[in-house]
Amino acid sequence: MKFSELGLTKDLLTAIEKHGYVEATPIQEKTIPLTMAGKDVIGQAQTGTGKTAAFGLPILEMIDSENKDVQALVVSPTRELAIQTQEELFKLGRDKHVRVQAVFGGSDIRRQINGLKHGAQIVVGTPGRLIDHIRRGTINLSHVKTLVLDEADEMLNMGFLEDIESILKAVPDERQTLLFSATMPAAIKRIGVQFMTDPEHIQIAAKELTTDLVDQYYVRVRDFEKFDVLTRILDVQQPKLAIMFGRTKRRVDELTRGLELRGFNAAGIHGDLTQQKRTQVLKQFKHGEIQILVATDVAARGLDVSGVDYVYNFDIPQDSESYVHRIGRTGRAGAHGNSVTFVSNSEMDYLKDIEKLTKKRMQPLKPYTREEALAGRMNVAADSVADIVKSTAGVADSEQVDKLVEQYDAQELAAALLGAVANVEQMDADFKLSHERPLPHKHGNFRGGRRGGGRRGGGYRGNRGQRERRSYDRGSRNGSGDRSQRGRSGSSRRQSRNFVIKNND
Ligand code: ADP
Ligand code: MG
């Protein structure tokens, strides 16, 4: 369906066109008319289906740009998502002169206060920082007409419920509430509905869950050879832009270091880095200055970077839904993508569960030999040599060149150049990752420290909330204090240690 059929006005239609959107996505088509009609809406559709514009366009439509009050508030679970949403809304609302301010922790609060003072009609923020502004009295939410809880499942999973309840106290009861999410487990819906008035639930079936556009492979490995298998795969596959997932922060740091050591252009992001660093890394990745982004699930959630051709699950995710989110980072916007999931023998049940959810079989990938990896490296080196030859003018008639030509034949010189460019020693650079225990056996009696039988039978993602919440607290302490340490986090931290496996972002 065309956007012009959805009752949007001219300024927005021009912006949409400039943005390159031709047709509305299904979630946009179904929810925009309802939202424009003032209804409360639960919008559920898989990652990457344009949920931001689905709530953003009707909001922009309703905004009075002459009026300086905050008229819409979007609550986002992470800083990255808040920034991304702010950018998208800003672009779409530019012709209408709508001001959109993002507020999140780990960045200068004074600048945000200034932005708010200048009259932002839409505010996009993370719960912690929003509460900060509410307490300081630097944000006035009493004229908010529309409230959006974006990525609601993740937000509630992260234990932001209390925060959201406090934010709700600062916005009028008479308001429109929108809840957007990739998944909608019953418990989340139950909670969400309490904030809403007679909501319409629009669910777009995830028919191409994990998309048919992603070729999915798995590789069986033993722990001690995992890293070597990985770098050979990278040498052969030569991804242009790849996202790699590690289970823990330590893992992300170590993987990044190891990859650099073996000559790959990699950088890591996770919750312990300062906001500034995370933003910088993401920017470099989006511009292709970094080729491999190593991340934890939380740090990479919802990130929208086009052109990612490979996703590597160096550690298989503990729950199948995370897998879907992970590989949703590739195969976007009609492009073709690939994923490779590493799995140990004892983790095969996790793989089977993923396949059950995606209804798609992963193809086995045989680890590559060193020769195959070398050939891959040489191929790339040969291309670089071609570039070097093209760009090296003006030294051809030097004395040293003559000398070399006398001394060696062309074969030798080419080999030396290729070898230097390929940097073959790097391939074998010694590197050992710290041991991470594989995930506990999934089926049967052995449950390790897992609480209450895991995800099945209603215990959905049982311990995730506290686990991730924990890392959040830690992450923001590095920034300039997103959230004050609230009372309950201490107890959940202690408690969580008993059953957290080690998926702690
Ligand atoms: P979600 O929130 O559902 O994960 P996003 O809102 O982040 O998805 O959108 C994913 C990508 O799709 C973004 O790059 C966005 O600009 C793009 N997009 C959104 N709507 C459309 C559309 N109608 N046509 C083409 N691209 C779109
Ligand atoms: Mg989104």
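The values are calculated or read from the model by the stated rules, or taken from the named source; none is laboratory data. These numbers come from a predicted model, not from an experiment. Glycine gets a Cβ as well: all are built from the backbone with ideal geometry, and neighbour counts include every protein chain shown.
Any idea how many residues of the stretch 1-35 are more than 7 Å from ligand 1 (Cβ to nearest atom) and assigned to a loop (DSSP other than H, G, I, E, B)?
Total meeting the criteria: 4.
Looking at (1) surrounded by 14 or more Cβ atoms within 10 Å (Cβ to Cβ); (2) out of contact with any Gly (no Cβ under 9 Å at 6 or more places or on another chain), which one does Glu371 not meet, given that it meets all the others?
Exception for Glu371: condition (1).
In the stretch 104-128, how many residues are modelled with pLDDT of 90 or more and closer than 21 Å to Asp150 by Cα?
Residues that pass the stated criteria total 13.
Please go through the stretch 307-329 and pick out each residue that is closer than 19 Å to Phe227 by Cβ and assigned to a loop (DSSP other than H, G, I, E, B).
Residues satisfying the conditions are Phe314, Asp315, Ile316, Pro317.
Could you check, for the stretch 249-261, whether at least one of its residues is assigned by TED's automatic domain parsing to the domain that holds Ser434 and not in a helix (DSSP H, G or I)?
Step one: list which residues in the stretch 249-261 are assigned by TED's automatic domain parsing to the domain that holds Ser434, which gives 249-261.
From the residues that got through so far, the ones that are not in a helix (DSSP H, G or I) too are none.
No: zero hits.
Hey, any hits in the stretch 55-73 for a residue that's small (Gly, Ala, Ser), within 30 Å of Ile134 (Cβ to Cβ) and surrounded by 19 or more Cβ atoms within 10 Å (Cβ to Cβ)? Let's see the steps before the verdict.
Step one: of the stretch 55-73, the residues small (Gly, Ala, Ser) are 56, 65, 72.
Checking the rest, the ones that are also within 30 Å of Ile134 (Cβ to Cβ) come to 56, 65, 72.
Narrowing the set further to residues that are surrounded by 19 or more Cβ atoms within 10 Å (Cβ to Cβ) leaves 56, 72.
Within the stretch 55-73, one or more residues are small (Gly, Ala, Ser), within 30 Å of Ile134 (Cβ to Cβ) and surrounded by 19 or more Cβ atoms within 10 Å (Cβ to Cβ).
Residues in the stretch 35-49: is at least one more than 16 Å from ligand 2 (Cβ to nearest atom) and either closer than 17 Å to Leu13 by Cα or basic (Lys, Arg) (or both)?
The first filter runs over the stretch 35-49 and keeps only residues more than 16 Å from ligand 2 (Cβ to nearest atom), leaving 36-40.
Next, from what is left, pick out any that are either closer than 17 Å to Leu13 by Cα or basic (Lys, Arg) (or both): 36, 39.
Yes, some residue in the stretch 35-49 is more than 16 Å from ligand 2 (Cβ to nearest atom) and either closer than 17 Å to Leu13 by Cα or basic (Lys, Arg) (or both).
Could you identify the single residue in Ser339, Ser346 that is hydroxyl-bearing (Ser, Thr, Tyr), outside any loop (DSSP other than H, G, I, E, B) and more than 20 Å from Asp223 (Cβ to Cβ)? Full working, then the answer.
Numbers: Ser346 fails: more than 20 Å from Asp223 (Cβ to Cβ).
None of the others qualify; the one that does is Ser339.
Any residue at all in the stretch 254-274 that is within 16 Å of ligand 1 (Cβ to nearest atom), surrounded by fewer than 18 Cβ atoms within 10 Å (Cβ to Cβ) and without any contact (Cβ under 8 Å) to a residue 40 or more places away in the chain? Steps first, please.
So the first thing to find is which residues in the stretch 254-274 are within 16 Å of ligand 1 (Cβ to nearest atom), and the list is none.
No, the conditions are met nowhere in the stretch 254-274.
If Asp223 passes every condition in (1) of a type in the set (D, E, K, R); (2) in the same structural domain as Gln71 (by TED's automatic domain parsing); (3) in contact (Cβ under 8 Å) with a residue 24 or more places away in the chain but one, which one does it miss?
Tallying (1) of a type in the set (D, E, K, R); (2) in the same structural domain as Gln71 (by TED's automatic domain parsing); (3) in contact (Cβ under 8 Å) with a residue 24 or more places away in the chain, Asp223 fails exactly one: (2).
Which one is farthest from Asp11 (Cα to Cα) among residues in the stretch 83-98 that are surrounded by 20 or more Cβ atoms within 10 Å (Cβ to Cβ) and more than 16 Å from ligand 2 (Cβ to nearest atom)?
It comes out as Val98.
Considering only the stretch 317-332, how many residues are surrounded by 22 or more Cβ atoms within 10 Å (Cβ to Cβ) and away from ligand 1 (no atom under 14 Å from the Cβ)?
Matching residues across the stretch 317-332 total 2.
Do we have Glu80 as within 12 Å of ligand 2 (Cβ to nearest atom), more than 30 Å from Asp198 (Cα to Cα) and buried (at least 17 other Cβ atoms within 10 Å of the Cβ) here?
Here the answer is yes, as Glu80 does meet what is asked.
Farther than 18 Å from Gly56 by Cβ, within 20 Å of the chain's Cα centre (by Cα) and within 16 Å of ligand 1 (Cβ to nearest atom), is that true of Glu154?
Numbers: farther than 18 Å from Gly56 by Cβ: yes; within 20 Å of the chain's Cα centre (by Cα): yes; within 16 Å of ligand 1 (Cβ to nearest atom): yes.
Yes: the conditions hold for Glu154.
In the stretch 39-54, is there at least one residue being surrounded by fewer than 16 Cβ atoms within 10 Å (Cβ to Cβ) and more than 26 Å from Asp297 (Cβ to Cβ)?
Quick first cut of the stretch 39-54, residues surrounded by fewer than 16 Cβ atoms within 10 Å (Cβ to Cβ) only: none.
No, because not a single residue in the stretch 39-54 is surrounded by fewer than 16 Cβ atoms within 10 Å (Cβ to Cβ) and more than 26 Å from Asp297 (Cβ to Cβ).
Quickly run through the stretch 380-427 and pick out the residues that are under 21 Å from Arg370 (Cα atoms) and exposed (fewer than 13 other Cβ atoms within 10 Å of the Cβ).
Asp383, Ala415, Ala416, Ala420, Glu425
For the stretch 36-58, how many residues meet the condition of being more than 8 Å from ligand 1 (Cβ to nearest atom), in a loop (DSSP other than H, G, I, E, B) and under 17 Å from Thr183 (Cβ atoms)?
Count: 0.
In the stretch 294-307, is there at least one residue being more than 16 Å from ligand 1 (Cβ to nearest atom) and among the acidic types (Asp, Glu)?
no
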